[in-house]
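Here's the structure, in structure tokens; my notes come after.
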Amino acid sequence: MSFKELKLIEPIQRSLLAEGYSKPTPIQEKAIPALLEGKDLLGCAQTGTGKTAAFAIPILQQLSTERRSSKERRLIKALIVAPTRELAIQISDSFKAYGRNLGLKTLVIYGGVTQHPQTRDLASGVDILVATPGRLLDLINQRFISLKNTKYFVLDEADLMLDMGMLKDVRKIITYLPKDRQTMFFSATMPTEIGELANSILNNPIRIDITPVSSTVDIIDQEVYFVDKVNKINLLIHILKDKKIDSALVFSRTKHGANKIVSSLEKIGLAAQAIHGNKSQNARQLALNNFKERKTRILIATDIAARGIDIEELSHVINFDLPEVPETYVHRIGRTGRAGLGGKAISFCDYEEKPLLRSIQKLISKTITEVTDHPYPLVDTTIKPKGRSVRGAYASNSSRSNTPKSKDTKTGKIRREKRANEPKKKTNGKNVHWTSR
Ligand code: AMP
């Protein structure tokens, strides 16, 4: 199918051509006709599927046909709410790119920066507003923003908003929207609260469930390295020294952990930058731009800071820590392997993370290939030799921790005693997977 067959107007077709898009992605094929008919949409799709264009194109096309006399002030007709600043900027950039021939004005607003430039831009009139919930609500309360003319409303990455404690703000924002509007709702997973929110704001929506989790990950070469927690940083350095890694996005579970990784890498002369919630907006954007422009090869990120961020031709994703929620693994590794290019995802797994690895493998219905030939194999520092706890003792003695307990000469795998007290598998009862329709 072509964009022409989707009945897109010529100025949009031209901008898509300029973007290098030759044909619509599956979500675009399904969503664009329904949205052009004015239907509501409930979408389950990850980043990398082209979901931004799937909602941006029909909004732009509908807005461009609603004429406004040159003297009439621009009023906010479309509102897109996204959980993170980076995601909001990315969405706004997409609207600008696809709508470059339409003469519409897009503005992005987010917190963590002074509000004056944003209120000044709002005052001069805006057609499309992309916003994070907190700043949006702030500016509504200060009467800088009125949503009473909004006809198109998009809620993107709703489950992440739940995780980030933003649902109260989102519910409040919705009360300012006119009832007569078109609503598009996107969420990768469907916890109960999100399902209820979707039901309460959508009107007889079409439902699109793109890419069952496994097909996205199939084209990505996945490996797991079993390694003790204390040796993860050494293993990371060992892997990053491999020149074949063009660009690596490294995931850390915590902000503190991300900072520690950056300083360890910098100590040995590997330039890296971090993005997480404690960094200023400018620092995050700068780090992201440097990475996208290949000025830095290594970006360390927490899930919240990195979710939804689109990076072209990312060669490697490294899970320094495994995520607590298995679906997050799929979101993380989906950053590589874009546009069918393939890519590599490397995961580190320490003893305590083994249950997390099992949950991930169950979700993706696949056993991740184990790399046994590396200098820091897991020897399990929690084992008690001679009845004494050595947790941390091996940690302070890297030569001991690097020495395998015993090695199978055929497989090269490290043997360790079977333990009676394997940690219980952690499950996330909240996240229910959506099924395809
Ligand atoms: P998204 O899922 O919206 O984050 O989009 C992921 C990436 O796919 C972005 O880099 C888009 O520029 C790109 N993209 C979106 N639609 C198409 C298309 N029809 N053809 C090629 N690339 C696309």
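The values are calculated or read from the model by the stated rules, or taken from the named source; none is laboratory data. Model, not experiment: these values are computed from the prediction. Every residue, glycine as well, gets a Cβ built from its backbone with ideal geometry; the counts of neighbours run over all protein chains shown.
Find all pairs meeting these conditions: Cβ atoms under 6 angstrom apart; at least six residues apart or on different chains; first residue within the range 84-95 and at pLDDT below 95; second residue assigned to a helix (DSSP H, G or I).
85/281
Spot the failing condition for residue 334; the list is (1) within 16 Å of the ligand (Cβ to nearest atom); (2) out of contact with any helix residue (DSSP H, G or I) (no Cβ under 7 Å at 6 or more places or on another chain); (3) among the small types (Gly, Ala, Ser), and only one is missed.
(2)
Count, please, the residues in the range 119-158 that happen to be of a type outside the set (Ser, Thr, Tyr), within 26 Å of residue 46 (Cβ to Cβ) and touching a residue at least 40 places away in the same chain (Cβ under 8 Å). Working first, answer last.
Our first condition is that a residue be of a type outside the set (Ser, Thr, Tyr); within the range 119-158, this holds for 120-123, 125-131, 133-145, 147-149, 151, 153-158.
Cutting the leftovers down to within 26 Å of residue 46 (Cβ to Cβ) gives us 128-131, 133-136, 153-158.
After this cut, where a residue has to be touching a residue at least 40 places away in the same chain (Cβ under 8 Å) as well, the list is 128-131, 133, 136, 153-158.
Residues meeting the conditions: 12.
Test residue 120 against the criterion of being over 28 Å from the mean Cα position of the chain (by Cα) and in a helix (DSSP H, G or I), and give yes or no.
Taking the combined requirement at face value, the residue satisfies it.
Which residues, counting only those in the range 272-308, are under 14 Å from residue 255 (Cβ atoms) and either part of a loop (DSSP other than H, G, I, E, B) or not assigned by TED's automatic domain parsing to the domain that holds residue 321 (or both)?
If the condition is that a residue be under 14 Å from residue 255 (Cβ atoms) and either part of a loop (DSSP other than H, G, I, E, B) or not assigned by TED's automatic domain parsing to the domain that holds residue 321 (or both), then 276, 277, 278, 279, 280, 302 are the ones that fit.
May I ask you to list the residues in the range 33-55 that are out of contact with any strand residue (DSSP E or B) (no Cβ under 8 Å at 6 or more places or on another chain) and closer than 29 Å to residue 328 by Cβ?
Those that are out of contact with any strand residue (DSSP E or B) (no Cβ under 8 Å at 6 or more places or on another chain) and closer than 29 Å to residue 328 by Cβ: 46, 47, 48, 49, 50, 52, 53.
Let's see how each residue does on (1) surrounded by fewer than 20 Cβ atoms within 10 Å (Cβ to Cβ); (2) over 24 Å from the mean Cα position of the chain (by Cα):
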{"site": "162", "(1), (2)": "no, no"}
{"site": "168", "(1), (2)": "yes, no"}
{"site": "204", "(1), (2)": "yes, yes"}
{"site": "219", "(1), (2)": "yes, no"}
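Going by what's in this entry, would residue 87 be described as touching a Ser or Thr at 6+ places or on another chain (Cβ under 6 Å) and within 28 Å of residue 292 (Cα to Cα)? Show your work before the answer.
Numbers: touching a Ser or Thr at 6+ places or on another chain (Cβ under 6 Å): no; within 28 Å of residue 292 (Cα to Cα): yes.
Answer is no for this residue.
Please work out if residue 124 is within 23 Å of residue 31 (Cβ to Cβ), surrounded by fewer than 12 Cβ atoms within 10 Å (Cβ to Cβ) and of a type in the set (Gly, Ala, Ser).
Taking the combined requirement at face value, the residue does not satisfy it.
In the range 309-338, which residues are among the aliphatic types (A, V, I, L, M) and part of a helix (DSSP H, G or I)?
At the first step, the residues of the range 309-338 found to be among the aliphatic types (A, V, I, L, M) are 309, 311, 314, 317-318, 322, 325, 330, 333.
The answer is 330, 333.
State which residue pairs qualify: first residue touching a residue at least 60 places away in the same chain (Cβ under 8 Å) and inside the range 7-24, second residue more than 11 Å from the ligand (Cβ to nearest atom) and assigned to a helix (DSSP H, G or I) in any location, beta carbons under 7 Å apart, and separation of 6 or more residues or different chains.
12/60; 12/61
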